[in-house]
Amino acid sequence: MPPARSRRPETPAGPSLSPSRAADFKTCPLLFRFRTVDKLPETPSADQVRGTLVHAVLERLFDLPAADRTPEAASALVAPEWDKLVAQEPELASLFATEPPGRGRPAPSGSAGPAATSPAVTASASRAAASAPAASAGAASAGAASAGAASAPPAPRPDGTGSGTGAAGGDPGPTAAPVRDPAAVEAEIDATGQAALIDIPGGSAEAARIAAFLAGARDLLAGYFAVEDPRRLQPAERETLISTMIGDELLLRGYIDRLDVSPAGDLRVVDYKTGGAPREAFEGRALFQLKFYALVLWRARGTVPRALRLLYLKDAEALDYSPDAGELERFERTLIALSQAIERAKRSQDFRPKPSRLCGWCSHQSLCPEFGGTPPPYPVAAPPADVTGDQEPDRVGTLLRDDPLG
């Protein structure tokens, strides 16, 4: 017998989880604390904002009559949707006022080789013309960071390959240069079009970066049309909040990019991926996210989704996965245990860092003990941490797409 439809409270009375916050705790409990307890601000990267823009365009594309959902129509939506995002969050325009990290900093002798040949720095075939400059810039950034780290305390390397010299730089603390994963540097260069701006005069650089940013969004949309024909689709739901209660205590909820329903009633959950995160790290978090959605849909609507689909727009690839009820029951137990671990950590105020390659994507390195930093004092009377992350669905800050840490 399928599970009964669960009630959906307006406000969680007890613990709640979204896929992003659950994945944060799995990735690094200290990151979870920074985001949900301390509520530290994070400046979005151009790569993340580009993902948000592309998601907005794809949502609007399905507002058009089926016959009009063409690549040209999607491309025409890019500029208006960007204007809407900037109107909501004016500070986004400042992302293009200066060059992103990794440009104009020479690499020390002998430091560029490993970073330049890392698979994470390899650009996709669709960006072959820009891949060489971008990879070099990523290597330079990695080399510059390692050169300044000689006198810092020992710390694990972001890629998890063992101990190295301190990642925070010569003077650990907020002023030290962060360690960036070369893939993160390359993704930011790609999103801002830096590889194409070598000969642009300084006074014209900001406008040129924005133009390149919008062109990059259009390139990602071309990747979408390479794997799907939206003229043949009629999504049942888009950017929909779904939620359910597990037992009488744990609320699960999150936003799905798209839900397709076949004439026979089969469900397919579709998630668009546009970011430049390392595929092996990205894919695990993405499948966790989709299983989360599948569980919520099953418990809330009584139907196990027939398929979970990841669309990688940069690579023009689709990955399909079919869950079953037994797998989702096990996943449900995992989420319950994860929620209990989060509640224990909050009671003990013990959120420990968990070094991994994804440290190179984190914006809180200056406060992390693994990089020579010190977390802020634990809030004395912190309000209950809302770990759903979905309270302001119209704000860019809560809808950053393809953040490998979010």
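Here the Karplus relation 6.51 cos²θ - 1.76 cosθ + 1.60, evaluated at θ = phi - 60°, turns the backbone of region 356-363 into coupling constants of 7, 4, 5, 4, x, 10, 8, 8 Hz, with x for every Gly and Pro. The Cα atoms of region 221-340 give a gyration tensor whose axes a ≥ b ≥ c have a/c of 1.5 or more with a/b no greater than b/c, which makes the shape oblate. Ordered from longest to shortest, the equivalent ellipsoid semi-axes for region 279-321 are 22, 11, 6 Å, each the square root of 5 times a Cα gyration tensor eigenvalue.
If you take the square roots of the eigenvalues of the alpha-carbon gyration tensor of region 279-354 and sort them as a ≥ b ≥ c, do you get rounded (a/c under 1.5), prolate (a/b over b/c) or oblate? Here region 279-354 falls in the oblate category. Over all directions, the projected convex hull of the C-alpha atoms in region 323-362 averages 4.2 nm² in area.
The lysines within cross-link reach of Lys26, meaning a Cα-to-Cα straight distance under 30 Å and a gap of 8 or more places when in the same chain, are Lys39, Lys273, Lys291, Lys314, Lys346, Lys354.
Charged neighbours of Glu327, selected by a Cβ distance under 12 Å, balance to 0 (K, R count +1; D, E count -1). Summary of packing: across the peptides 215-228, 361-374, 54-67, the per-residue average of other C-beta atoms within 10 Å ranks them, highest first, as 361-374, 215-228, 54-67.
The peptide list 264-274, 41-51, put in order of mean Cβ contacts within 10 Å with the highest first, becomes 41-51, 264-274.
Readers should treat all values here as calculations from the given coordinates under stated rules, not as data from a laboratory. None of these values were measured; they are calculated from a predicted model. Every residue, glycine as well, gets a Cβ built from its backbone with ideal geometry; the counts of neighbours run over all protein chains shown.
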